[in-house]
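Q: Have a look at this one.
The values are calculated or read from the model by the stated rules, or taken from the named source; none is laboratory data. Not measured: the values here are computed from a predicted model. Note: ideal-geometry Cβ built from the backbone for every residue, glycine included; neighbour counts use all protein chains shown. Only protein heavy atoms, including side chains, enter the accessible area calculation; ligands, DNA and RNA are left aside. Shrake-Rupley method; radii C 1.70, N 1.55, O 1.52, S 1.80 Å.
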Amino acid sequence: MNLLAVERIKLFSTRSPWWCALITLALTIGFAAIIAGASPADQPISISATQFGGSQFGIAVVMVLAALAVTTEYRFNTIRTTFQAVPHRSPALVAKAIVVAAVALVIGELAAFGAWGLGVLMRPNDHLGLHTAQDWTNVAGLGPVFAISAVLAVALGILVRHSAGAIALLLIYYLAVEELVQLIPKVGHHIHEWLPFNVANKFLRGSAVAGDGPAPSDSPLSPGWALAYFAGIAIVFLLVALGVAKKRDA
């Protein structure tokens, strides 16, 4: 608990968490407002449509926040003080991952319910109520996806240790690589089915059909197993990062 408190204080002693939270909320809720306002009145929008515009950019911002939570410590050498206080290193890094994931979870839930609520207010006749389990997953599921994405970013930050490099790798992979993989002849589609953010999209959207918002995921997993798979990848990356952090100099 002491380590969690320390990591919370370190995280919120800088302005980046606040700015990243505000940017994420603005993107997610702002895109929902644009979609709700731009869609013709005689064409109802779905809950997915209110979520998957800005939230995709919101995930990118949250991952930048998570990476910076690690790399700034390496940049200013404060990580050495942390490792002197916690020689085994892993507990301190795990505490950091937990705190960042918790912050990302809160940001994700606020963004998701804010976007949904605005959609309901702007489109009262579109039946955007949360009536099914999938409706709730479309909205409340965004928080867990934000949290797991943050853990992935923390792991990459530990491995790379440089802010620019970690952020560049995260954004290039998240915004481009998974889509480009599909262009590989013969095997690209099969590889894409198991890539982490595509699988996370399956958790959020379930068995959505084409035309109902963004393109649905082609993952063969059920939504529940998709979330477990996404979380498993994040845990594996974090374990690898912890092993590397133990073996090299701070």
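Q: When Rg is the radius of gyration of the Cα atoms in the range 1-136 and Rh is its Kirkwood radius, what does Rg/Rh come to? Could you put the intermediate results ahead of the total?
A: Numbers: Rg = 18.8 Å, Rh = 16.6 Å.
Computed over Cα atoms, the ratio is 1.13.
Q: Shifting gears a bit: Roughly how many nanometres apart are two label points built 7 Å out from the Cα toward the Cβ at residue 80 and residue 102?
A: For residue 80 paired with residue 102, the spin-label model returns 3.0 nm.
Q: Taking the Cα-to-Cβ direction at residue 14 and at residue 236 and moving 7 Å from each Cα, how far apart do the two end points lie in nm?
A: Roughly 2.9 nm, to one decimal.
Q: Also, quick follow-up: If each residue of separation counts as 0.36 nm, what is the full-extension length gain between residue 26 and residue 172 once their alpha-carbon separation is subtracted?
A: 50.4 nm
Q: Please give the solvent-accessible surface of residue 109 in Å², to the nearest 10, using a probe radius of 1.4 Å with every protein chain present.
A: It works out to around 50 Å².
Q: Moving on to the next point. If you rank 246, 10, 186 by how much accessible surface each has, with a 1.4 Å probe, what is the order from largest down?
A: Result of the area sort, largest leading: 186, 246, 10.
Q: Another question, if that's okay. As I understand it, the value is the acute angle between the Cα axis of helix 163-172 and the longest principal axis of the Cα atoms of the chain; what does it come to in degrees, rounded to 10?
A: It works out to around 30 degrees.
Q: Ordering 127, 189 from largest to smallest accessible area (1.4 angstrom probe), what's the sequence?
A: These residues rank, largest area first, as 127, 189.
Q: Could you work out Rg/(2.2 N^0.38 Å) for the chain, with Rg from alpha carbons only? Before the final figure, lay out the partial values.
A: On the way: Rg = 18.8 Å, N = 250, 2.2 N^0.38 = 17.9 Å.
Ratio of Cα Rg to 2.2 N^0.38 Å: 1.05.
Q: May I ask for the net charge around residue 167, where only other residues with Cβ less than 13 Å from the Cβ of residue 167 are counted and Lys, Arg are +1 while Asp, Glu are -1?
A: Local net charge: +2.
Q: By how many nm would the segment from residue 182 to residue 88 grow when fully extended, if each residue of separation counts as 0.36 nm and the alpha-carbon distance is taken off?
A: 29.7 nm is the gain from fully extending residue 182 to residue 88.
Q: Reachable lysines from residue 246, Cα under 27 Å, same-chain residues fewer than 8 places away excluded?
A: 10, 96
Q: Tally Lys and Arg at +1 and Asp and Glu at -1 over the other residues with C-beta under 15 Å from the C-beta of residue 150: what net charge comes out? Before the final figure, lay out each step's value.
A: Working: positive: 8, 96; negative: 7, 109.
After counting each charged neighbour, the total is 0.
Q: Before I look further, what does the chain give for accessible area per residue, probe 1.4 Å, in whole square angstrom?
A: Each residue of the chain exposes 49 Å² on average to a 1.4 Å probe.
Q: What length, rounded to one decimal in nm, is gained on full extension from residue 34 through to residue 193, with 0.36 nm per residue of separation minus their alpha-carbon distance?
A: This chain segment gains 54.2 nm when fully extended.
Q: Also: Report the net charge of residues surrounding residue 36, where surrounding means a beta-carbon distance below 10 angstrom and charges are Lys +1, Arg +1, Asp -1, Glu -1.
A: 0
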